[in-house]
Each structure stands twice: as structure tokens, then as C-alpha cells.
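Taking it in order: structure first as C-alpha cells, then the write-up.
No lab work stands behind these numbers, since they all come straight from the coordinates. Just so it is clear, the model here is predicted, and its values are computed rather than measured.
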């Protein structure tokens, strides 16, 4: 019965970490509020926020994040279930960071772009692909078929490109499309579409770094030809 009085839901609404997280996002919570969400309940005579504060005052964040199961259950107020929740959360974050470090290719040149779009060389129809980069030029996403068919200004809309950019928090984009004809020179439509997308990007605050046209044997970079 005493434990029920120490649940997060028994705190005043403005002090409830879970509600605060939903309204303002996890980045706006204090360390003890984040830990309180994981702990869920306090202990006798101490609500969950006070317990979280006490734990973090006694153990630095760096030390706390390195604690093993055996160490956590020795902390007053952390039982087996809470220790498992904390360790599982920390392990999930570690794995996510490791995956990100290993799988985000860096795009520094047109060769790097072509390596991501090499499959387009053999397509018999035109495909427009968009590569999305973060501020460190790491590829956070690529949409392999933003558009399929002959590119023209009536059919290719910047909104389709920048909706994905916003979704993936991209700082910049690179456009790639193929010319099945074998001629890598841009058409008038290619030039006009690129110009429209660049202008839309300026409004959105998202840079268009390059537009590359590839064929089976050649490639044309708008950036290298100083068209961007």
C-alpha cells in the first residue's frame, strides 16, 4: 500500500515525468526525471523523483551507466525488476549507437554517390533517387525510387523530396537519376527540375549538394560542372 503512494501518477500533474516527456519530449527532462520513468515507483517514505535524485547524487551518471546487475540491486530502492529495466534500456541504446556508427556511410564525392546508386546503371526506365545526409555528410536515408519515368517539370515535385528530408532530419540532399539512352548530358527538363528543387531547398533550409546523372559507363555531376 505504501508503494502505491509513491507511484509517478500520485505526483502533481505538472511534476509527472511521463506526462512532461509526452508534452515536451525526452530532451527536456532532467536526469532524475528520466530515471524516475524507468524506476516507476519509489520506496517507503520517498517518492520516485526523490529516489531518482538520491541515486544520481550518490552515483555519477558515468558510473551509474557502467553499473552491473549485481551493483544496481545493492542500491536502496532498486529491486530486481528495476535493475533489469535499467540494464535493458542502457543495452538497447548501446546497440543503437553501435549500429549507427557502423552503417552510416560518409558521402564526400561523386564516386561515393555513384557507389550508392550503381544499380541505376542497368535500369531501362529513368529512376530518380534521393540521398539524404546529416550535417556530417553521413547518409541517413536513401529513397531508391523517388520517381520512375521520364523526368519532367510537371511530374517531379520538390515536396516529395523534402517530406522525406524532414522525416529523417536531413541537412542536405543529393539527387541521382539514370539516362537509359547512354547520354549523360542533362536535358532541359533535368536543368529546370534541379533549379526548382534547389530553390525549394533554400526555402526549407536544406541544401541540394549535387545532382548526378549516370549511364552504364558515364556520369555527369552538376556540382563538378559548376551548375550547382
Study note, to complete from the structure: Extension length gain for residue 225 and residue 89 (0.36 nm per residue less Cα distance), in nm, is 44.1 nm
**Study point:** the range 54-95 and the range 164-228: distance between their alpha carbon centers, rounded to Å
**Key:** 48
Exercise for review: Kindly state, as a whole number, the per residue volume in cubic angstrom of the convex hull around the alpha carbon atoms of the chain.
Suggested key: 167
Exercise for review: May I ask for the angle, rounded to the nearest 10°, between helix 48-58 and the longest principal axis of the chain, with both axes built from Cα atoms and the value confined to 0 to 90°?
Suggested key: 90
Review point. So how tilted is helix 188-204 from the main axis of the chain? Cα-based, degrees 0 to 90, rounded to 10.
Key: 30
Exercise for review: Using only Cα atoms, tell me the angle between helix 80-103 and the longest principal axis of the chain; keep it within 0 to 90° and round to the nearest 10.
Suggested key: 20
Practice item. State the dimensionless ratio Rg/Rh of the range 3-103 (Rg: radius of gyration of Cα atoms; Rh: Kirkwood radius). Key: 0.99
Check your understanding: Can you give the relative contact order of the chain as a percent, counting alpha carbon pairs under 8 Å and 6+ residues apart?
Key -> 13
**Study point:** For the range 96-228: relative contact order, % (alpha-carbon pairs under 8 angstrom, 6 or more apart)
**Key:** 24
